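Read-outs throughout are calculated quantities, based only on the coordinates presented, and are distinct from any laboratory measurement. Quick caveat, the model's predicted, so the values are computed rather than measured. Cβ sites come from the backbone with ideal geometry, for glycine too, and all protein chains shown count toward neighbours.
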Amino acid sequence: MKSADIAPCGINCSLCSGFLRKKNPCPGCNGPGGKPAYCTDCKIRLCPEKASERELCGTCAQYPCARMKSLRKRYALKYGVDIYENIASIRNGGMDAFIAQETEKWVCPACGERLCMHKETCPSCEAPNPNYGPVRPR
């Protein structure tokens with residue numbers, strides 16, 4: 001995992017099923033080309049309030065906007081990822097500490113491979129993903 005894998009909304013793209021797939025992997029929000037249409041046209045990434053497409057939404061005066069609220073609700077309830085917590089973690093401890101935390105959190109306890117936030121089981125060994133599932137945003 002690296003800082004370029006963190007989308008402006010706080011999603012860790014390196015945990016996405018598109019990023020992890022073997023054939024035609026997505027390069028992530030900050031990567032060059034090859035993204036699915038919903039990422040290419042992402043209203044959050046392309047938001048005119050930000051100075052650049054890579055700027056974290058947490059630095060914006062409008063944060064949290066309606067788009068972020070909607071995305072947070074969907075990811076927290078469906079996948080167990082709270083993007084507000086991700087952004088707060090980056091703000092409080094810095095990007096390197098956040099990436100270290102994510103690297104440790106998203107390792108399969110059974111086989112040691114990277115877990116996918118979009119899958120209930122490990123993509124490598126099918127062990128349960130302990131991070132998957134609904135969380136109630138605080």
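Pairs Lys50/Lys105; Lys22/Lys43; Lys22/Lys69; Lys23/Lys50; Lys50/Lys73: which exceed 25 Å Cα-Cα?
Violating the 25 Å Cα-Cα cut-off are Lys50/Lys105; Lys22/Lys43; Lys22/Lys69; Lys23/Lys50.
Quick one: Cα convex hull volume of the range 3-105, Å³ per residue?
102
Between Pro64, Pro109, Pro48, where does the largest GNM mean-square fluctuation fall for the chain, given springs only between Cα atoms within less than 10 Å?
Greatest mean-square fluctuation among the candidates belongs to Pro48.
Specify whether the C-alpha gyration tensor of the range 65-130 places it in the rounded, prolate or oblate class, a ≥ b ≥ c being the square roots of the eigenvalues: rounded for a/c under 1.5, otherwise prolate if a/b is larger than b/c and oblate if not.
Oblate.
Which is the longest run of the chain containing none of the GluC sites (Glu not before Pro) found in DSSP loop states (not H, G, I, E, B) with at most 13 other C-beta atoms within 10 Å?
50-119
Sequence neighbours fewer than 8 away in the same chain don't count; with that in mind, list the aspartates and glutamates whose C-alpha is under 18 Å from Lys35.
Those aspartates and glutamates meeting the cut-off are Asp5, Glu53.
In debye to the nearest 20, how big a dipole does the range 76-115 give about its Cα centre with +1 on each Lys and Arg Cβ and -1 on each Asp and Glu Cβ?
100
When a/c reaches 1.5 or more, the comparison of a/b and b/c decides; with that in mind, is the range 1-41 rounded, prolate or oblate per its Cα gyration tensor?
Judged from the Cα gyration tensor, the range 1-41 comes out oblate (a/c at least 1.5, b/c at or above a/b).
Identify, among Ala66, Tyr79, Thr121, the residue whose Cα sits farthest towards the positive end of the charge dipole of the chain, taking +1 on the Cβ of Lys and Arg and -1 on the Cβ of Asp and Glu, with the dipole about the Cα centre.
Value computed over the given set: Ala66.
Across the range 86-93, in residue order, what do the Karplus-derived ³J(HN,Hα) couplings come to in whole Hz, using 6.51 cos²θ - 1.76 cosθ + 1.60 with θ = phi - 60° and x for Gly and Pro?
Those phi angles translate into 4, 5, 4, 5, 5, 4, 7, x Hz.
Nothing charged except the Cβ atoms of Lys and Arg (+1) and of Asp and Glu (-1): what's the magnitude of the dipole of the chain about its Cα centre? Round to the nearest 20 debye.
Rounded to the nearest 20 debye, it is 440 debye.
7 Å from Cα along Cα→Cβ at both Ser124 and Ala4: what's the point-to-point distance in nm?
Modelled inter-label distance: 2.3 nm.
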